Number of protein chains: 2
Amino acid sequence: MTITIRDVASKAHVSVATVSRALSSPDLVRPDTRSRVLAAATELGYQPNRAARGLITGKTGNIGVVVPDLDNPFYTGILKAAQTRAAHADHAVFVANSDEDPAAEITIVRTMAKQVDGLILCSPGLTDAQIASVADTPLVLLNHLLPGVPSTVMDSADGLGQVVAHLAALGHSRIAYLSGPHTSWSNEQRRQGLAAAATEHFVELVELGPFAPRHEGGLQATDLALAAGVTAIMAYNDIMALGVLARLRDRGLSVPDDISVTGFDNLVYASLTSPALTTVRMPLAVAGRTAATMLLDRFDATDGPAPHVVLPTQLIVRGTTAPPPT
Amino acid sequence: MTITIRDVASKAHVSVATVSRALSSPDLVRPDTRSRVLAAATELGYQPNRAARGLITGKTGNIGVVVPDLDNPFYTGILKAAQTRAAHADHAVFVANSDEDPAAEITIVRTMAKQVDGLILCSPGLTDAQIASVADTPLVLLNHLLPGVPSTVMDSADGLGQVVAHLAALGHSRIAYLSGPHTSWSNEQRRQGLAAAATEHFVELVELGPFAPRHEGGLQATDLALAAGVTAIMAYNDIMALGVLARLRDRGLSVPDDISVTGFDNLVYASLTSPALTTVRMPLAVAGRTAATMLLDRFDATDGPAPHVVLPTQLIVRGTTAPPPT
DNA sequence: GTGAAAGCGCTAACAT
DNA sequence: ATGTTAGCGCTTTCAC
């Protein structure tokens with residue numbers, strides 16, 4: 001049924017070893033032999049069995065991408081770019097959804113480890129210890145910095161700093177930050193950037209949360225922020241910000257006249273609200289591509305220091321921010 | 001380095017065959033032997049090499065999901081559910097993004113075929129002939145009906161019928177339909193349902209397009225629809241509808257007072273516009289789960305007739321539809 | 001430059 | 001109920 005290297009070998013009147021060489025190390029066989037083999041291979045529609053190859057080479061030609069939530073366009077943006085980059089290097093990608101459960105995540109990594117050459121971990125909830133416990137598999141971390149493990153991070157602290165500067169410039173002096181999960185490395189980063197920026201711009205900060213980084217979280221957080229008497233709300237991400245917007249609408253408040261709102265991530269859908277959401281662009285595609293490239297490079301040169309790249313973020317001013325009501 | 005079945009065997013003082021049996025067919029070994037093996041396995045942290053197993057069983061324990069665009073929440077909704085279902089059956093999932101290119105898609109399927117036990121194809125652009133050409137690999141089609149190939153389809157024709165009925169009941173008599181790609185099986189389905197519904201409800205239909213099923217497509221289509229003098233616009237999907245809404249806003253038109261707009265898919269983001277989008281709910285999660293289940297079932301019973309399940313859709317009336325201006 | 005043979009980690013007869 | 005053995009499809013020494 002399925003056609004193997006042996007079929008190609010007999011058709012080309014060579015040994016299986018020669019077929020193998022002709023495909024993997026072309027310069028080890030005479031040109032005419034090689035072309036004969038290649039002809040036979042294409043004619044038969046031969047596709048090497050990667051599992052069998054992997055058994056002996058120890059390389060699967062696969063990478064894994066672990067994300068907390070496939071329904072979240074933030075992660076799928078990264079996934080898409082990583083997948084494209086991997087395909088370009090002839091690697092297939094396994095994807096696993098951890099449902100934002102760190103425990104499940106570790107299990108997933110363990111299970112996947114055997115089937116892939118390396119993994120990209122996008123999971124914000126993992127502790128350093130948990131990550132270290134699986135670092136025998138080549139890893140690239142996304143938005144999480146850990147010495148010794150390659151990582152790609154987007155500079156969200158700076159992004160939030162840009163938001164604070166923007167709001168301060170508009171005249172806001174009391175601002176709420178709706179925090180995401182405190183176990184998230186990137187949220188902690190933002191909070192640090194936030195504190196620094198608040199001090200620098202003489203802004204009084206009301207930190208609320210943690211909230212679920214979802215629409216419902218925004219709904220829930222809004223009333224708290226309102227009660228705190230702020231004139232601007234910075235949400236952990238766009239999804240949460242959309243929740244805030246919805247809740248403010250329900251409460252009869254006008255954005256940005258009564259209150260300013262900002263998101264984070266710059267999901268396409270965030271630009272489609274009315275007014276459009278002021279937010280911070282995260283370089284998702286670049287991040288996904290970079291992470292995949294890092295991992296791929298790691299396969300060749302597994303030694304050397306672990307690279308860490310920091311990608312810049314950019315404030316996108318749209319319609320949900322304005323000077324506070326007088 | 002990596003720990004194999006042999007390590008477990010020697011630690012448990014049994015043969016490798018016994019270890020294999022203890023893990024795969026527990027009832028073939030004595031309980032105490034099995035527990036000894038299991039203990040050794042867990043103590044060593046043994047994870048069977050699935051590639052090696054697959055080499056002999058012919059089963060990889062993997063399935064593939066091919067989608068046109070990982071940035072589209074419609075597909076990731078399906079993917080997520082399929083992944084969860086597969087994981088539940090101890091199958092890992094490969095994901096590939098075809099970039100909406102049918103040619104690339106076939107290549108992807110061919111490449112993946114060796115590494116998976118079966119595939120879920122979510123790609124609307126594939127022709128029947130193309131699908132048939134790869135049907136030697138177990139396949140489940142999403143939103144595409146082809147005799148002999150198992151499929152899960154969402155009844156979008158009926159969904160669009162519900163939209164027409166709704167608009168007709170509101171008093172609209174001239175309605176535009178912004179068509180998606182004509183190569184899409186599901187779009188053709190909708191157009192058929194549409195024609196029938198229009199006749200039934202005495203509605204005059206202006207079919208425009210095809211347009212790209214994206215935000216830009218909606219932008220582009222809007223002016224055409226306006227020029228056609230309709231009082232309601234039915235978009236191919238929510239993303240396109242959001243484009244329509246944006247363009248109408250730019251043109252100074254009020255929705256739903258001046259004109260009604262409907263989407264399709266019920267993406268979460270569609271409910272967050274203001275006014276919220278009237279649309280049709282597609283049972284994405286059910287579809288993903290069903291497709292995965294179908295595929296998994298197919299592995300056990302590869303014969304028998306190909307199952308086809310049709311999932312109901314549901315009109316979700318929100319704020320973008322109202323009676324036409326008088 | 002090419003072939004023969006060993007073996008990657010595992011399961012499936014076939015023995016016992 | 002358990003052990004022995006023969007491969008699954010491939011790459012890679014090692015001869016020639």
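Every read-out reported here was derived from the displayed coordinates using simple, explicitly stated rules and does not represent laboratory data. None of these values were measured; they are calculated from a predicted model. Here the Cβ is made from the backbone with ideal geometry for all residues, glycine too, and neighbour counts use every protein chain on show.
List of remarks:
- Share, in percent, of DSSP beta bridges within the protein assembly as shown that are antiparallel, nearest 5: 15 percent
- 13 Å tail of the calculated P(r), the range A:199-267, as % of Cα pairs: 61 percent
- Both radii are taken from the alpha-carbon atoms of the protein assembly as shown; with Rh as the Kirkwood radius, Rg/Rh is 1.01.
- Packing-based ranking, highest mean first, of A:239-249, A:24-34 given that Cβ atoms within 10 Å are counted: A:239-249, A:24-34
- Across the identical copies, the 7 Å label point of A:Pro31, projected outward along Cα→Cβ, sits 7.2 nm from its counterparts, in ascending order.
- The convex hull of the Cα atoms of the range B:265-326, projected and averaged over all directions, covers 5.8 nm².
- Counting Cβ atoms of other protein chains within 10 Å of each residue's Cβ and taking the mean over peptide B:107-114 gives 3.
- Other residues whose C-beta falls under 14 angstrom from the C-beta of B:Gly193 contribute a net charge of -3, scoring Lys and Arg +1 and Asp and Glu -1.
- The peptide list A:168-181, A:112-125, put in order of mean Cβ contacts within 10 Å with the highest first, becomes A:112-125, A:168-181.
- Comparing A:Ile56, A:Ile106, A:Ile78 in a Gaussian network model of chain A where C-alpha atoms under 10 Å apart are linked, the largest mean-square fluctuation is found at A:Ile56.
- For a label point 7 Å along the Cα-to-beta-carbon line of B:Gln314, residues of the range B:268-289 with backbone N under 19 Å: B:268-272, B:276-289
- Based on the reciprocal of the average 1/r between different C-alpha atoms, the Kirkwood radius for the range A:143-245 equals 13.8 Å.
- Shape call, the range A:159-200: gyration tensor on alpha carbons, a/c limit 1.5: prolate
- In percent, rounded to a whole number, the relative contact order of chain B is 17, using alpha-carbon pairs under 8 Å and six or more apart.
- Of all beta bridges that DSSP places with both ends in the range B:183-324, some 40 percent have antiparallel geometry.
- The range B:161-187 and the range B:104-121 have their alpha-carbon centroids 34 Å apart.
- With contacts taken as Cα pairs under 8 Å at a separation of at least 6 residues, the range B:32-129 carries a relative contact order of 34 percent.
- Across peptide B:94-103, the average count of Cβ atoms from other chains found within 10 Å of a residue's Cβ is 4.
- Cα-based reach from A:Lys59 at 15 Å (exclusive), listing aspartates and glutamates while leaving out same-chain residues under 8 positions away: A:Asp90, A:Asp117, A:Asp136, A:Asp297, A:Asp300
- Computed from the Kirkwood radius of its Cα pairs, the Stokes-Einstein diffusion coefficient for the range B:113-187 at 20 °C and 1.002 mPa s stands at 148 µm²/s.
- Per-residue mean of C-beta atoms belonging to partner chains within 10 Å, peptide B:260-271: 2
- With K and R counted +1 and D and E -1, the other residues having a Cβ less than 15 Å from that of A:Ser24 yield a net charge of +3.
- Relative frequency of Cα-Cα separations exceeding 28 Å in the range B:177-326, percent: 25 percent
- Estimated translational D of the range B:61-219 in µm²/s (Stokes, Kirkwood radius over Cα pairs; 37 °C; 0.692 mPa s): 193 µm²/s
- Debye-formula intensities of chain A, expressed as log10 I(q)/I(0) at q = 0.07, 0.08, 0.09 Å⁻¹, are -0.38, -0.47, -0.56 (one equal scatterer per alpha-carbon, no solvent).
- Near B:Ile239, once Lys and Arg are set to +1 and Asp and Glu to -1 for all other residues with Cβ below 14 Å from its Cβ, the sum equals -4.
- Measure of compaction for the range A:179-233 (Cα Rg per 2.2 N^0.38 Å): 1.17
- Global form of the range B:1-132, assessed from the alpha-carbon gyration tensor, a/c cut-off 1.5: prolate
- Across the range A:1-70, the volume of the C-alpha convex hull divided among the residues equals 130 Å³ per residue.
- Ordering of B:4-11, B:148-155 by packing is B:148-155, B:4-11, highest average first (other Cβ atoms within 10 Å, averaged per residue).
- Its Cα gyration tensor gives the range B:71-161 an equivalent ellipsoid; the semi-axes, largest first and in whole Å, are 19, 18, 14.
- Summarised in one figure, the compactness ratio Rg/Rh of the range A:46-115, Cα atoms and Kirkwood Rh, is 1.03.
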